[in-house]
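Asker: My questions all concern the structure below.
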Amino acid sequence: MTLWINALQLCRRALRFLDGAHWLESAFSFEAAQAFACKICIRNLKRCQATALQIAVVACLAGCARQEQRADVVIANGAEPESLDPAVLTGQPDGRPAAAMFEGLTRLNPVDSTSEPGLAERWEISEDGRTYVFHLRTNAMWSTGEPITADDFVFSWRRVVDPATACDYSGLLFYVVNGEEIATAKIKDLTKLGVRALGTRTLEVKLVSPTAFFLDLCAFRTMAVVPRKTIEKYGDRWIMAKPLPVSGSHLLESWRIRDKIRLRRNPLYWDAANAQNEIVDILPIDTAMAALNLYQTRQVDVIWDKSLVPNELMDVLTNRADCHRFDNLGTYFVRFNVRRKPFDDVRVRKALSLVINKRRIIDRILRGQERIARSMTPPGTANYDPPEGLGYDPALARKFLAEAGYPDGKGFPPFEYFFNSLKMHEQIGVELQEMWKKELGITMTLRQTEWKVYLAMQSALEYDTTRSSWIGDYNDPNTFLDMFMSNNGNNRTGWRNERYDRLMKEANSLLNKEQRAAKLREAETLLVRDEVPILPIFFYQSIHFWRREEIRGIHYNILDEHPLHAIGKNKSSKLQVPNSKS
Amino acid sequence: MYFLRRLIFLIPTLLIISFLAFALVRVAPGSPFDKERKPASPEIERALKAKYHLDEPLWKQYMRYLADLARGDFGPSMKYRNHTVNDIIRQGLPVSMTLGLGAFLFAQGIGIPVGFYSAVRRGRRVDYIVSFLALLAICIPAFVVGPLLIMVFAFKMNWLPAGLWESPKHMILPVIALGLYFAGRISRLMREGMSGILHSEFITTARAKGLSETATLVKHAFRLAVLPVVSYSGPLLADLLTGSFVVESIFGIPGIGVFLVNSSLNRDYSMVVGLVVLYAVLLLVLNLLVDLSYTLLDPRVKYE
């Protein structure tokens with residue numbers, strides 16, 4: 001027994017040594033360690049077997065990470081960003097740090113995610129709503145000290161529509177005159193884009209039609225201003241340039257892939273005085289368990305990616321005070337392939353939609369307070385009130401199915417439900433399978449594939465029915481509805497409806513908000529009640545973790561966007577922090 | 001001579017491996033640029049393909065790749081567009097190597113003495129306990145050991161951090177989680193090797209000529225008994241040095257192991273081929289070293 005206790009004490013002492021000494025960077029420096037290892041290597045060169053090992057040792061010493069000052073706020077951010085270039089990036093984990101580095105004409109308000117003046121301090125809108133004149137702030141400058149000019153914006157926006165940049169989100173600039181023509185290579189001359197500098201600080205933008213949400217678009221990261229000289233000098237890898245001129249609230253101090261992105265307050269940012277933190281660490285952690293472990297041991301202050309909540313623990317976790325759930329702009333739905341029999345028949349699609357008990361799916365699988373979806377656009381979307389789509393009515397469903405020629409499901413061909421491998425999608429698939437079998441007597445088989453195959457088959461319309469989801473990019477119904485227009489690459493149902501296309505176009509050319517909303521509602525009614533190429537199931541919620549007494553500046557908002565400059569640590573919360581001495 | 005021949009033979013082997021990886025990953029459905037959101041125009045996809053030369057015939061792409069490879073350039077990553085494959089390997093490999101080497105030393109350091117001892121004490125209680133523990137280590141996978149270690153040492157005792165890669169202290173749990181299985185394997189290999197050797201005639205001879213027991217075991221038996229461990233160690237080291245998907249995920253370690261799995265799921269063509277080539281080089285070279293070490297350990301082995 002005493003031996004055991006002695007051993008334990010020895011362990012503790014060894015740990016304390018590792019803890020206190022910081023021997024890698026203080027006792028002997030990194031270079032000294034390398035030199036030392038090299039010396040050993042050379043001395044023992046004769047033993048060739050050992051050398052391999054020693055070469056490995058040298059390599060490994062390079063791998064021992066250094067200890068840095070702990071950041072004010074450490075955030076588990078989900079997957080490793082594919083890029084931090086605002087024009088190239090697509091995902092939310094990429095956008096969140098990038099939005100802190102590069103700002104646009106407007107920026108998002110941290111409280112309600114509406115757009116507010118960013119690098120432009122004011123603007124005028126012409127009466128027809130098609131010409132915007134923006135006035136940049138006089139104190140808008142790059143982190144390197146040069147002023148941010150209207151020309152910088154012209155360059156940045158031309159870069160987005162230039163096909164050579166290959167910007168997935170260039171569609172956001174299709175609302176600007178000639179944006180679409182340039183991106184689809186119908187016009188080769190970039191200068192034809194409807195944006196020009198009227199002076200060093202005045203920018204004029206011409207739109208194709210009055211676009212109600214244009215100021216929101218200006219806050220989107222794709223539209224941010226980027227440093228011309230750096231991009232022209234370094235090409236694809238400009239983001240790693242040192243120094244990197246940024247226009248937003250934070251500088252990129254370091255970016256080690258799959259390790260850490262460290263952002264530091266930009267002292268030359270126009271609103272630098274109100275920044276709530278000095279250093280923010282963005283950790284690319286894509287495993288729910290790892291994120292939770294780090295959060296529990298306080299190596300991480302905030303978890304803000306939905307994929308970072310282990311489903312098995314949902315019941316326990318959501319009852320905690322530091323678990324924050326709120327509605328966001330996201331819809332989980334099923335696509336029908338309307339090019340395939342029997343889904344080309346609207347009665348079949350309606351029948352399949354009417355027997356889905358969405359409440360049951362939410363209660364049994366999500367275990368949360370998600371809202372039932374009867375429309376594609378989530379309620380709460382700005383300037384809009386979505387229509388009521390099909391509800392739950394098995395009797396009516398059986399009637400529709402009989403009319404389509406399949407009474408009690410007789411003669412209905414077996415079909416597949418296609419989804420990407422994830423526990424939740426499978427569980428929902430099983431529920432759908434059971435409901436369709438029980439209420440309609442039809443047989444569906446589940447088919448799961450990995451992500452890339454799933455995307456490829458969905459795009460190629462090689463499926464019967466498929467699980468889908470969509471997260472809104474900006475707070476307007478257009479982000480959910482324009483994708484179902486006939487030629488949109490995100491349609492992926494094979495559904496083409498001229499009336500829908502016409503209604504959408506008409507709506508977006510209207511200046512009056514109510515009239516526009518009415519048109520959009522008419523279009524969406526086609527989508528979720530009359531034609532139903534899709535079956536909405538529920539609206540997403542965001543799930544975040546942070547301790548209210550420690551962290552401030554993160555607010556529940558529908559875009560789930562939380563500008564980094566607003567987030568800070570509460571001074572009073574000097575809690576005892578185990579395990580995070582650095 | 002023999003080793004020179006083996007070295008020269010490495011080149012065609014690597015060519016075949018790299019070509020297979022190069023072609024297979026392109027045959028798989030989906031492309032590196034498929035995303036949930038379609039790009040705004042087909043022109044964009046075309047521009048991307050042209051940028052990475054994916055619009056050229058396969059043989060031409062491969063020739064281009066070989067030309068780059070000859071200069072030590074693995075090309076740009078198609079998923080992480082601000083980084084090159086070289087960048088990613090340069091940042092991740094040292095981390096994985098540290099972790100892997102730690103686990104390797106841990107496995108050898110525990111496995112060899114334990115196996116040696118239990119073979120010497122064969123049939124006694126110690127032998128049974130050790131064999132049972134070794135079996136346990138082999139049976140429990142790292143994704144169970146890892147969280148268990150975190151639960152005990154990070155949560156209950158508060159001794160060690162639950163993850164990340166910042167100081168030597170952060171290395172302890174991942175090294176154990178990764179090395180435990182191999183420690184079990186090695187101790188069993190060592191025990192088997194030792195048990196076999198102890199019955200051979202030259203050991204009887206050594207004992208008969210009056211050599212002390214320690215000298216017999218250490219000088220004569222050990223050198224031959226360790227051979228199975230050595231031949232196992234080559235591929236093992238290659239495996240460990242290139243990282244571990246499971247352990248790196250559990251502890252949030254920025255190594256290269258996660259990329260071995262994710263890059264193929266992401267269809268990050270250049271990354272997949274780069275990592276395959278890297279792994280192949282390590283494996284082939286370490287196997288060569290293992291063969292070389294045979295001559296040092298076993299006087300009966302001679303290469304022509």
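Quick note: the coordinates plus some simple rules give every number you see, no bench work behind them. This one's a predicted model, so the numbers in the text were calculated from it and none came from an experiment. So basically every Cβ, Gly included, is an ideal-geometry build from the backbone, and we count neighbours across all protein chains shown.
Asker: Using the count of nearby Cβ atoms within 10 Å as a rough guide to exposure, how do A:Thr149, B:Thr214, A:Thr525 rank from fewest to most? Numbers along the way, then the final one.
Answerer: Numbers: A:Thr149 21, B:Thr214 8, A:Thr525 18.
Least to most surrounded, the residues fall as B:Thr214, A:Thr525, A:Thr149.
Asker: Right, something else. Over segment A:183-271, what is the relative contact order in percent, taking alpha-carbon pairs closer than 8 angstrom and at least six residues apart?
Answerer: Working: 60 pairs, mean separation 11.8, N = 89.
Computed value for segment A:183-271: 13 percent relative contact order.
Asker: Total Lys pairs in segment A:470-582 closer than 21 Å by alpha-carbon, pairs eight or more apart in sequence or interchain only? Please report the intermediate quantities before stating the final value.
Answerer: On the way: A:Lys505/A:Lys513; A:Lys505/A:Lys519; A:Lys569/A:Lys581; A:Lys571/A:Lys581.
Value for segment A:470-582: 4.
Asker: What does the net charge come to around A:Gly489 if you take all other residues with beta carbon closer than 12 Å to its beta carbon, with K and R at +1 and D and E at -1?
Answerer: Working: positive: A:Arg492, B:Lys35, B:Arg37, B:Lys38; negative: A:Asp168, A:Asp482, B:Asp34, B:Glu36, B:Glu43, B:Glu45.
Residues close to A:Gly489 contribute a combined charge of -2.
Asker: Got a sec? Charge dipole of segment A:347-435, +1 on Cβ for Lys and Arg, -1 for Asp and Glu; which of A:Thr381, A:Leu366, A:Tyr392 is way out at the positive end?
Answerer: After comparing all options, I get A:Tyr392.
Asker: So which lysines can A:Lys341 reach, going by Cα to Cα under 19 Å and dropping same-chain residues fewer than 8 places off?
Answerer: Counting by Cα, and skipping residues close in sequence, A:Lys341 has these lysines nearby: A:Lys350, A:Lys399, A:Lys410, A:Lys437.
Asker: Have a look at B:Met190, B:Ile256, B:Thr205 and report the one farthest towards the positive end of the charge dipole of segment B:150-268, computed about the Cα centre with Cβ charges (Lys/Arg +1, Asp/Glu -1).
Answerer: The one lying farthest along the dipole's positive direction is B:Thr205.
Asker: When only C-alpha pairs under 8 Å and at least 6 residues apart count, what is the relative contact order of chain A, in percent?
Answerer: Details: 1108 pairs, mean separation 104.9, N = 582.
It rounds to 18 percent for chain A.
Asker: I'd like the antiparallel share, as a percent to the nearest 5, of DSSP beta bridges with both residues in the protein assembly as shown.
Answerer: 80
Asker: Continuing with the same structure: Select from A:Met223, A:Phe174, A:Ala185 the residue farthest towards the positive end of the dipole of segment A:167-267; place +1 on Cβ of Lys and Arg, -1 on Cβ of Asp and Glu, and compute about the Cα centre.
Answerer: A:Met223
Asker: What would the Debye formula give as log10 I(q)/I(0) at q = 0.10 Å⁻¹ for the alpha-carbon point model of chain B, no solvent?
Answerer: Cα-only, vacuum Debye calculation for chain B: -0.72.
Asker: Just want the ordering: A:Cys218, A:Cys167, from fewest to most Cβ atoms lying within 10 Å of their own Cβ. The partial results should precede the final answer.
Answerer: On the way: A:Cys218 24, A:Cys167 27.
Starting with the residue having the fewest Cβ neighbours, the order is A:Cys218, A:Cys167.
Asker: Related question: Give the cross-link partners of A:Lys452 among the lysines, using a straight C-alpha distance below 22 Å as the criterion and excluding same-chain residues fewer than 8 apart.
Answerer: Result set, ordered by chain and number: A:Lys306, A:Lys423, B:Lys35, B:Lys38, B:Lys49, B:Lys51, B:Lys79.
Asker: On to the next question. Could you pull the Rg and Dmax for segment B:1-132, using just the Cα atoms, both in Å?
Answerer: 23.8, 74
Asker: Additional query: For B:95-102, what's the mean count of beta carbons from other chains sitting within 10 Å of each residue's beta carbon?
Answerer: Details: counts 8, 3, 9, 9, 2, 3, 6, 1.
Rounded to a whole number, the mean comes out at 5.
Asker: Next question, about the same structure. Arrange the following residues from fewest to most other Cβ atoms within 10 Å of their Cβ: A:Arg107, A:Arg374, A:Arg137, A:Arg339. Don't skip to the answer; put the middle values down first.
Answerer: Working: A:Arg107 23, A:Arg374 20, A:Arg137 17, A:Arg339 12.
Fewest-to-most ranking of A:Arg107, A:Arg374, A:Arg137, A:Arg339: A:Arg339, A:Arg137, A:Arg374, A:Arg107.
Asker: Tell me which trypsin sites (Lys or Arg not before Pro) from segment A:157-225 have a DSSP coil assignment and no more than 11 other beta carbons within 10 Å of their own. Before the final figure, lay out each step's value.
Answerer: On the way: sites: A:Arg158, A:Arg159, A:Lys186, A:Lys188, A:Lys192, A:Arg196, A:Arg201, A:Lys206, A:Arg221; in loops: A:Lys186, A:Lys188, A:Arg201.
The qualifying sites are A:Lys186, A:Lys188.
Asker: Please report, in debye to the nearest 20, how large the charge dipole of the protein assembly as shown is about its Cα centre when each Lys and Arg carries +1 at its beta carbon and each Asp and Glu carries -1 there. Intermediate values should be presented prior to the final figure.
Answerer: Details: 109 positive and 92 negative charges, 603 e Å.
The calculation lands at about 2900 debye.
Asker: Still on this structure, I have one more. How long are the three semi-axes of the equivalent ellipsoid for segment B:63-171, computed from the Cα gyration tensor as the root of 5 times each eigenvalue, in whole Å, largest first?
Answerer: Working: eigenvalues 317, 90, 28 Å².
The three semi-axes for segment B:63-171 are 40, 21, 12 Å.
Asker: Note down the magnitude of the dipole of segment A:455-582 about its Cα centre, charges +1 on Lys and Arg C-beta and -1 on Asp and Glu C-beta and zero elsewhere, to the nearest 20 debye. Walk me through the numbers on the way to the answer.
Answerer: On the way: 18 positive and 17 negative charges, 168 e Å.
I would put it at about 800 debye.
Asker: For segment B:150-260, what relative contact order do you get, as a whole percent, if you take Cα pairs closer than 8 Å and at least 6 residues apart? Please list the in-between numbers first.
Answerer: Working: 84 pairs, mean separation 31.6, N = 111.
It rounds to 28 percent for segment B:150-260.
Asker: Averaged across A:484-491, how many Cβ atoms of other chains sit within 10 Å of each residue's Cβ atom?
Answerer: On the way: counts 0, 0, 0, 0, 2, 8, 4, 1.
That works out to 2 on average.
Asker: Next question. Using per-residue counts of other Cβ atoms within 10 Å, averaged over each peptide, order B:130-137, B:167-174 from highest down.
Answerer: Details: B:130-137: 16.6, B:167-174: 22.5.
The densest-packed peptide leads the list: B:167-174, B:130-137.
Asker: What is the magnitude of the charge dipole of segment B:185-304 about its Cα centre, with +1 placed on the Cβ of each Lys and Arg, -1 on the Cβ of each Asp and Glu, and no other charges, expressed in debye to the nearest 20?
Answerer: Values: 10 positive and 9 negative charges, 84 e Å.
My answer is approximately 400 debye.
Asker: If you count, for every residue in A:185-195, the Cβ atoms of partner chains within 10 Å of its Cβ, what is the mean? Can you show the working numbers first?
Answerer: Details: counts 6, 2, 0, 0, 0, 0, 0, 0, 0, 0, 0.
For peptide A:185-195, the averaged partner shielding equals 1.
Asker: To continue, here is another question. Order the peptides A:124-131, A:261-268 from the highest to the lowest mean number of other Cβ atoms within 10 Å of their residues.
Answerer: A:261-268, A:124-131
Asker: For segment B:186-304, what percent of Cα pairs sit more than 17 Å apart?
Answerer: On the way: 4721 of 7021 pairs.
More than 17 Å apart: 67 percent of the Cα pairs in segment B:186-304.
Asker: Oh, and also: Quick check on packing: order B:148-159, B:216-227, B:54-65 by the mean number of other C-beta atoms within 10 Å, highest mean leading. Walk me through the numbers on the way to the answer.
Answerer: On the way: B:148-159: 15.8, B:216-227: 18.4, B:54-65: 13.9.
Per-residue mean Cβ counts within 10 Å order the peptides as B:216-227, B:148-159, B:54-65.
Asker: Same structure, new question: If the viscosity is 0.890 mPa s and the temperature 25 °C, what translational diffusion coefficient in µm²/s does Stokes-Einstein give for chain A when Rh comes from Kirkwood over Cα pairs?
Answerer: 91
Asker: Helix-derived [θ] at 222 nm for the protein assembly as shown: sum -39500 (n - 2.57) over DSSP H runs of at least 4, divide by residue count, nearest 500?
Answerer: -14000 deg cm²/dmol, from helical runs alone.
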